[in-house]
Each structure stands twice: as structure tokens, then as C-alpha cells.
Ligand SMILES: *[C@@H]1O[C@H](CO)[C@@H](O)[C@H](O)[C@H]1NC(C)=O
Ligand SMILES: *[C@@H]1O[C@H](CO)[C@@H](O)[C@H](O)[C@H]1NC(C)=O
Ligand SMILES: *[C@@H]1O[C@H](CO)[C@@H](O)[C@H](O)[C@H]1NC(C)=O
Ligand SMILES: *[C@@H]1O[C@H](CO)[C@@H](O)[C@H](O)[C@H]1NC(C)=O
């Protein structure tokens, strides 16, 4: 009797649907504990694969050659600890050892923030440095401005939990000083170019903008709670600018342009990751904040997934509504350009987050924008709102669940029996390639499984926001004067650390006027309240002479104009 009941359910489902969901079930059950253990193994001082890492330090991977990933990245660490904080604070795993790990992480970040590195000191841009040695000393890198945003968001999740437990004094004394440093950095520097999360392009980056926005919304609320009221309006003002800026990345071809640097299609996992890492179920399917089930995010995801259907052999033969393996971006050539676990799990997670919201609001809205996504499952569907009482709602929920489970099943198919997850999957033969035991791969698996289980992360305040796009980020007018003696043919130029100063590119450096020779002068609009480094350059045809170290540095005022009088450093 029982057997025939099971069989009759079975025949109602397409064979592949049955298979995908049972594979995903089994994989989530077996891989969840391994993924948690895999993350913890990569955290010092006692993780089994993290030997040599200081307390609270997350290694990216134990791999030391081809590639060498035995470093700690601010971004990866923050995402890994966001996962651990969620495990603990959402009651998924309340093991006291997790709390010790979080305390260690907090202590390590307090040290890292103080390191003077190539991006600057604590107060002059050093927080943008993405990567450090695992003994908490500097590695030579370049600014990636998502780190402070992600770290402060993780620490604020932890702070909000502790406040709810009545432990406000620890938040005020220990967490807030670290959080305030990061939020100050975000508020002051979000409008500067950044290296993207893959560390390749220097421009504006959708992912970075989106996570910066979230951190300032969280920060404004926490600052208010802690009585730091003087900071609230600046955080909110900058967050309003960021929310407007987020909208500008939309490409009407159906995706968010991941980076503004150009030279690529702009289709990139950066956007799918942005959607899952800023999921806020209280905001429903809000498009302004690019919620996972928003029409723009669904179309973006479909465009992104489709970009990988034809470029990996392993994806051959799958129908347009079947899951495939995905990678970072279609033009990727790193290690030959392979599928990644992080990105394949991210697609599944976006779909699971969407299912959470549709089931909770008991309806699915199909718009002209999201129509192509829903047509994957129902070719005759039209725009409209489908309530949970309709058969369209029921079948879409089933179909999207199957589709999502397909991405998990795809990852499962290329996971060895040990459960270990590397960075990449060879696009030709499915074996694991690049860094072994990538900490972020484990975190990505765990967050996808949690979303599949219907677990909802804490709200960050995405609900009810509206666009306030009047005005622009403030700039101030700075006149740079420099005394420099030159010979015929030589001219003085300036370049520096912001777009307005050409991002250090001497080929496009700004010319100064010699009207008051030997004083050379130029007036430039630069971001307000920002620390800017610059140098003068003497150029004669193809001969470029930089002035001597160190870099010049100014911090611009909040408004008005400003003059600097320099002397050429020889
Ligand atoms: C930290 O680690 C790096 C890389 O292994 C090493 O070069 C450096 O000497 C170490 N610094 C300290 C203070 O141990
Ligand atoms: C507050 O939380 C911190 C960090 O986990 C912990 O060390 C401290 O004992 C807690 N204080 C109280 C009163 O619970
Ligand atoms: C700075 O902000 C303005 C307005 O939002 C935007 O147009 C510009 O592209 C931004 N630049 C960078 C480098 O973020
Ligand atoms: C699979 O392909 C990778 C390159 O993508 C190669 O390094 C590896 O040796 C291949 N493994 C097998 C079993 O063919």
C-alpha cells in the first residue's frame, strides 16, 4: 500500500524532476555537516587545515601552489563569518564553539584594521586592502572596496543578536569601534573606482555598490540604537546615493552590468551573488534593492545562466529550463575558465530565496520584464499576479523548485565522495581544479542549503525604501598649485587616486597651466570628505618624470573650495 502510494506520486512528476529533487535532498543532508566542518578546518588557530593561521583568521584555501591561496581576504572572511553568525544566531547550530570562533574573528579584524598597507593607514584608505598574510601582516595588494562593507554587515548581524540578548555593552565597547571604522570608509569612499570581486577590473562594480548600500542601511539603524545619532544622517544620505547608483547598472538587454570597465559582455556572477547576499524577505520582490525574486533579478539570472550553456562541454544537451553549471563570467580565462561551485550554488540560492518569498506572500507576480524567465516553465504564461489558489502558482512553485534543485544536483554530480569542494570544476572532464578546500565554496553550499530549507536571514532594512535621487554625491573644487622649474618642452601634469585625477594614469594625467610660472596650477572637482593621494608628473613627449616619493595627500572638506600649495619633490 505504502509502496504504491509512493509510485503514484512518482509518475506525476517528470522523471528528471524526481531525480533532481531526490539528489538535492540527499546531497543537502550529507554535504551540510561536511561544509560546516570544511569551513571550520580553514579557520585559525585550531582548524585542521589552517596551520600557521593566527586566531580568528580565515584562510581562503590551504593550497600553496598553483594557485597560492594561503592568505586571508577580508571579503571571503566576512562572507564565511556571515554564514557562521547566521548558523548561530538563527538557531541552526548553537554550539558554543561557533561563538568562540566569532569572538576570535572579531579580535583578528580589530588587528587587521590597524595595519598600514599599500592602500593607506586606517584613516587614509588602508581598509580597502583586500588581502593579508595569515599571520596578520600586510601583503601588497590594491583597493577592493567591498571588504569594509561586508565585514561591517557581518559584525552588525552579530551586534543585533547580542543587543537582543541584552549584551549591549560588548557591542558598544568592542564591536562598534570596528564597525564605525568600516562604515566611515564606505561612506567616504564608495564613489571611488574599485577592483571588482574577482580582482581584475578597476571601475565601478555592481556587487560592491550593492553590498555598500546594505552596510550603510544596517549601520544607520545600529548607530541610532546605540545613540550615535550624529552619524545616522550621513550614512542615510550616502545610502540614498548608492540606491540611485544601483539602478544605473541595468542594461536593457536583460542584465545588470557587473562592472563599468567595459571590454566584456558585463554578464557576471557578481550580480547573482549581489542578490543573494542582500536578500531581505521583508522587502518581498522589490526591484529597487534587486531582491532575488524581483523581475530584474530573475531576468538577470536567466541571462547569466544562459551565457554558460554553450561554453562548457559538461552543459551540452540540457534544455533551456534545466540547470547547468555556471562560472564567473563567460569571457573568463583564469585556469582556462571553468565552472565554479560558488556561482552554481548562488543560482540555486537565488531561486530558493524567491520560493521563500512567493510562498510567504502567497502569490507570484509575472511582469513584462520577468516574463522570459517564467516562460521557461510555462510557454503560454502572461504578465499578471498568480495567487496561491491558482494552478499556475502551484505548478510554477514546483517547476522553480525542480530547476533550483538541478543546480544543487549539478554541484553534487561533481563533488567527490569525500565531500570536499575546490574552487572550480574542470569544464571538460568534471574533475576538481584550482584551489582545494576553498572556504568560500563550503560557505556557498551551506547558505544554499539553508535557503532550500526555508531559513530566512535577518532583515537589513530593505523594505519600503524609495529613490531619493535629487542632488549628486558632493564634490569640492580643489586648486592644485605646485612650484616646479622646467626646461623648454617640459610640462607639469597631475594624477592621483580618484577618477577626477585619472586614477594614477600618467597617459591621461591633467595638464597644469604655467600662467604664473614657476607656479603651475589646475582646478579640479574631486569627491568631498575624501582622502586623496596624488603626484605631479613632468612630461616631455614620451619622457615621463614622476616627482619623488612619498605621495602627496589631502583630505577634502565636506563642501566649498580648497587650495593646496605644493613644491615639486625632487
Ligand atoms: C608573516 O608571513 C609572511 C609570509 O609567510 C612572512 O614573510 C613574514 O615574515 C611573517 N611576518 C611575521 C611577523 O611573522
Ligand atoms: C557578551 O558577548 C561577548 C562576546 O561573545 C561575551 O564575551 C560576553 O561574555 C557577553 N557578555 C554577557 C554579559 O553575556
Ligand atoms: C559616483 O557617483 C555618480 C552618481 O551616482 C556616478 O554617476 C559615478 O559613476 C560614480 N563613480 C564611481 C567611480 O563610483
Ligand atoms: C581533467 O582536466 C583537467 C584540466 O581541466 C586536468 O588537469 C586533469 O588532469 C583532467 N583529469 C582527468 C582525470 O582527465
On each of the three principal axes of the Cα atoms of the stretch 475-567, give max minus min coordinate, whole Å, ordered largest first.
39, 25, 21
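Order these peptides, 146-154, 261-269, 306-314, 228-236, by their mean beta-carbon neighbour count within 10 angstrom, highest first. Numbers along the way, then the final one.
Working: 146-154: 28.9, 261-269: 19.1, 306-314: 17.3, 228-236: 15.7.
In descending order of packing, they fall as 146-154, 261-269, 306-314, 228-236.
Thinking of the stretch 42-248 as a set of Cα atoms, what percent of all their pairs are more than 29 Å apart?
Working: 4444 of 21321 pairs.
Of the Cα pairs, 21 percent sit more than 29 Å apart.
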Restricting things to Cα coordinates, could you compute the convex hull volume per residue of the stretch 145-189 in Å³?
48
For the stretch 412-481 and the stretch 26-76, what is the centre-to-centre distance using only Cα atoms, to the nearest Å?
16
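Ranking request for peptides 77-85, 65-73: highest mean number of other beta-carbon atoms within 10 Å first, then the rest in descending order. All intermediate terms of the calculation are to be shown ahead of the outcome.
On the way: 77-85: 25.6, 65-73: 17.2.
Top of the packing list down: 77-85, 65-73.
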Once you keep just the Cα pairs under 8 angstrom separated by 6 or more residues, what percentage relative contact order results for the stretch 475-567?
40
Going by Cα centres, the stretch 352-392 and the stretch 190-226 are how many Å apart?
31
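Test of understanding: express the Cα radius of gyration of the stretch 414-496 as a ratio to 2.2 N^0.38 Å, with N the residue count. Don't skip to the answer; put the middle values down first.
Working: Rg = 26.9 Å, N = 83, 2.2 N^0.38 = 11.8 Å.
In units of the globular-protein estimate, the stretch 414-496 measures up at 2.28.
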Expressed as a whole number of Å, what is the distance separating the alpha-carbon centroids of the stretch 80-103 and the stretch 267-332?
28
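Only bridges with both residues in the chain count here: give the DSSP antiparallel percent, nearest 5.
Details: 44 of 51 bridges.
In the chain, DSSP labels about 85 percent of beta bridges as antiparallel.
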For a quick size check, give me the Cα extents of the chain along its three principal axes, largest first, whole Å.
97, 51, 49
The relative contact order of the stretch 332-437, taking Cα pairs under 8 Å that sit 6 or more residues apart, comes to a percentage of 33
Could you order peptides 245-257, 30-42 by the average number of other Cβ atoms within 10 Å of their residues, highest first?
30-42, 245-257
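Could you tell me how many cubic angstrom of Cα convex hull volume the stretch 84-199 has per residue? Mind dumping the intermediate values first?
Numbers: hull volume 12.9 nm³, N = 116.
Taking the convex hull of the Cα positions in the stretch 84-199, it is 111 Å³ per residue.
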So for the chain, averaging the separation of alpha carbon pairs under 8 Å that are six or more residues apart and normalising by length, what relative contact order in percent results?
13
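Coordinate-derived values only; no laboratory data. Owing to the predicted nature of the structure, the values given are computational and were not obtained by experimental measurement. Virtual Cβ from ideal backbone geometry, glycine too; neighbours counted across all protein chains shown.
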